[in-house]
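Right, one structure below, let's go through it.
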Amino acid sequence: MLNEERVILMTKMASYEEHEGRENMKIGNYFRSDYIAVQVLKSILCATIAFGLIFALFVFYDFEVFMQDIYQMDLVEFAKRILMYYGITVGAYGAASYVICAHRYAKARKSLKLYYQNLKKLNSLYEED
């Protein structure tokens, strides 16, 4: 005979596994520091690529004027300014990524904890019968 409580619990757990549980289980396989480090490194790499593309667009937008001005500008000061902008961009992007990934990890762990509690509850319901 079917136990209605078991069926409801199994349906809820299957829905979780199908949707958000898949991503949460991937996150749950990592230690907190490892997950955050990998995600922050990915975001720093993406920020570096984006900064390079934006800088290239800035230079190529008015390339003729840039080439005329390059002989009159202080190249060391220009490079320092570009590196400062790069550092600020990557630092801000990395910090935002850290905060977002730490929140995402905590949320996934909390959700997985509830899922495992439901598994234990389901197991106890099977043992009762």
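State which residue pairs qualify: first residue under 13 Å from TYR115 (Cα atoms) and inside the stretch 11-37, second residue of a type in the set (D, E, K, R) and part of a helix (DSSP H, G or I) in any location, beta carbons under 7 Å apart, and separation of 6 or more residues or different chains.
GLY28/ARG109
Residue by residue, here is whether (1) among the aromatic types (Phe, Trp, Tyr); (2) closer than 30 Å to ASP129 by Cβ holds:
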residue: LEU41; (1), (2): no, no
residue: ALA50; (1), (2): no, no
residue: PHE58; (1), (2): yes, no
residue: GLU64; (1), (2): no, no
residue: ILE88; (1), (2): no, no
residue: ILE100; (1), (2): no, no
residue: LEU114; (1), (2): no, yes
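Do we find a residue being part of a helix (DSSP H, G or I) and acidic (Asp, Glu) anywhere in the stretch 67-78?
Within the stretch 67-78, one or more residues are part of a helix (DSSP H, G or I) and acidic (Asp, Glu).
Values quoted throughout were computed directly from the atomic coordinates according to the rules given, and no laboratory measurement underlies them. Keep in mind that what you see is a predicted model, and the values were worked out from it rather than measured. Cβ coordinates were reconstructed from backbone atoms using ideal geometry, including for glycine residues, and neighbour counts include every protein chain displayed.
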